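The values are calculated or read from the model by the stated rules, or taken from the named source; none is laboratory data. All values derive from a computational prediction rather than experimental measurement. So basically every Cβ, Gly included, is an ideal-geometry build from the backbone, and we count neighbours across all protein chains shown.
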Amino acid sequence: MSDIFFLVLRRLRAPLILLVSVYAVATFVMTLIPGVDEDGNVWYMSFFHAFYFVSFMGTTIGFGEIPYAFSDAQRAWVLVCIYISVSAWLYAIGSMLNLLQNQAFRQALSRKAFERSINRIDLPFYLICGYGETGALINEGLAELGLQTIIIDYNPDRTSSIEI
């Protein structure tokens, strides 16, 4: 499983770094921009409030301004953050879809599924390397004897045609 995990991390490194960076910069700048509370006093957002706001701003557009109504400077920064975070999410989602279509990733998933299915077998089995004419005859003979077989072949068309 670790090979799949590291493949995912390697392929999604740039999108994840971009998302974390966008959220970090947006949160930091939100704490620097002054706002005005209900009494007209200048206030600065805490990191907690800024992170909370940026977290749901990046995933949902349509929210209230917390804990007080924003100043024009805060609203302008939020507009910038909305466009940047939406673009970052689109890039990250596109990278994930690209990874799901990647041949190396699909082969790693197939290999791991094959390993798990082999490890679940608790009875003795025969390993048939190659599923040409000879491999098919050997498999048929062993199946008639009630013996389990595992077939591997470099040609995926041959192994996909086997009845399970």
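Data overview
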quantity	calculated
When residues of the range 81-107 are limited to those that are within 30 Å of Tyr44 (Cβ to Cβ) and among the β-branched types (Val, Ile, Thr), the one farthest from the chain's Cα centre (by Cα)	Ile82
All positions within the range 38-64 that are over 27 Å from the mean Cα position of the chain (by Cα) and of a type outside the set (A, V, I, L, M)	Glu38, Asp39, Gly40, Asn41, Trp43, Tyr44, Ser46, Phe47, His49, Gly64
When residues of the range 112-124 are limited to those that are touching a residue at least 12 places away in the same chain (Cβ under 8 Å) and part of a helix (DSSP H, G or I), the one surrounded by the most Cβ atoms within 10 Å (Cβ to Cβ)	Lys112
Residue list for the range 30-48, filter: surrounded by fewer than 17 Cβ atoms within 10 Å (Cβ to Cβ) and touching a residue at least 12 places away in the same chain (Cβ under 8 Å)	Thr31, Leu32, Pro34, Val36, Asp37, Glu38, Trp43, Tyr44, Ser46, Phe47
Hey, Phe5 closer than 30 Å to Glu115 by Cα, out of contact with any Gly (no Cβ under 9 Å at 6 or more places or on another chain) and either of a type in the set (S, T, N, Q) or part of a helix (DSSP H, G or I) (or both) or not	yes
Residue in the range 71-80 that is within 29 Å of the chain's Cα centre (by Cα), modelled with pLDDT of 85 or more and surrounded by 14 or more Cβ atoms within 10 Å (Cβ to Cβ) present	yes
Checklist (1) under 36 Å from the mean Cα position of the chain (by Cα); (2) on the phi > 0 side of the Ramachandran plot applied to Gly146, failing item	(1)
